[in-house]
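Contents: one structure, followed by commentary.
Every number here is computed from the coordinates shown, using simple stated rules; none is lab data. Just so you know, these numbers come straight off a predicted model, no measurement behind them. Methodologically, a virtual Cβ is constructed for each residue, glycine included, from the backbone with ideal geometry; neighbour enumeration extends over all protein chains shown.
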Amino acid sequence: MAAARALSFGAIAEAYERYRPGYPDELFDAVAAYAGRPLRTALEIGAGTGKATRLFAGHGIAVTATEPDTAMLAELTRTAPPNVTAVRAAFEDLRPGTTYDLVYAAAALHWTRPENRWPNVAALLGPDGVFASFGGPVRLADPAVEESMRAARAPFLAGDEIPSPDGTAPDAEMQWPGTELQRSPLFHDVRQTALRRRLTVSAEDYVGYLSTVSAYLQLPPPTRQQACTAIASALPETVEITADITLHLARRRPA
């Protein structure tokens with residue numbers, strides 16, 4: 001089921017590229033500061049349309065961007081700079097061989113299968129290599145507007161949250177995947193940080209974002225359209241959103 005939901009994004013690759021927020025330089029700075037040394041090569045897990053790819057490549061890193069969906073990969077290659085190598089592959093299909101200074105996943109790690117996840121990541125990292133995972137939900141900042149949106153959505157969809165893959169409570173101090181990284185003997189120096197971000201967007205763009213969220217993509221197309229129309233009618237012309245990024249970092253333990 002998770003694999004089917006992950007691949008459902010390909011049908012709306014252009015919308016994903018248009019409506020999903022990108023990633024700020026502040027994120028790269030946090031990863032680079034943690035690494036404490038030059039990052040020359042990176043492998044990206046589930047690159048999608050390349051929003052994070054362009055951030056890291058833009059800072060001079062040679063990025064190997066892996067993505068199993070052909071439509072997503074087509075969007076990525078359309079805008080990728082020359083120092084990006086796009087590879088059609090699921091994370092589980094990657095084989096050890098080349099190692100990288102950095103392996104990262106942008107709002108994609110929860111789509112990977114848990115079996116051998118961390119041994120596979122560790123095998124892709126060079127000595128003292130860095131792993132980074134980051135992402136976060138987009139939410140309406142005004143509680144009253146959020147309540148109006150939920151009421152409009154209720155006849156079609158109860159919620160759009162993705163539960164923690166390992167059952168970690170939403171109010172726990174350390175969130176997934178930091179929890180798994182802390183338990184793994186292959187990684188150490190696990191850190192979690194939040195990058196706060198507020199944006200103002202049109203209601204149309206916010207609803208466009210919702211149309212790319214997996215919970216909506218699982219609805220039959222007519223129902224999805226009805227839900228989006230109902231939500232749009234409940235919103236003001238512009239809305240303020242929170243788009244905070246939770247960043248998890250860890251180092252591969254020396255062999």
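Restricting region 92-110 to residues that are under 19 Å from residue 56 (Cα atoms) and under 17 Å from the mean Cα position of the chain (by Cα), the residue that is surrounded by the fewest Cβ atoms within 10 Å (Cβ to Cβ) is 107. Inspect region 197-208 for any residue being in contact (Cβ under 8 Å) with a residue 40 or more places away in the chain, surrounded by 16 or more Cβ atoms within 10 Å (Cβ to Cβ) and not in a helix (DSSP H, G or I) and give the result as yes or no. Within region 197-208 (the criterion being in contact (Cβ under 8 Å) with a residue 40 or more places away in the chain, surrounded by 16 or more Cβ atoms within 10 Å (Cβ to Cβ) and not in a helix (DSSP H, G or I)), the answer is yes, since at least one residue qualifies. Of the strands (runs of 3 or more DSSP E) that lie entirely inside region 75-168, those containing 1 or more residues that are under 30 Å from residue 202 (Cα atoms) span 100-106, 125-135. The single residue among 194, 227 that is among the small types (Gly, Ala, Ser), touching a residue at least 40 places away in the same chain (Cβ under 8 Å), surrounded by 14 or more Cβ atoms within 10 Å (Cβ to Cβ) and not in a loop (DSSP other than H, G, I, E, B) turns out to be 227. On the given criteria, is residue 23 of a type outside the set (Val, Ile, Thr) and in a helix (DSSP H, G or I)? When the stated conditions are applied, residue 23 does not pass them. For region 230-255, enumerate the residues that are surrounded by 14 or more Cβ atoms within 10 Å (Cβ to Cβ) and among the hydrophobic types (A, V, I, L, M, F, W, C). Correct list: 230, 231, 232, 234, 235, 239, 241, 243, 245, 247, 249, 250.
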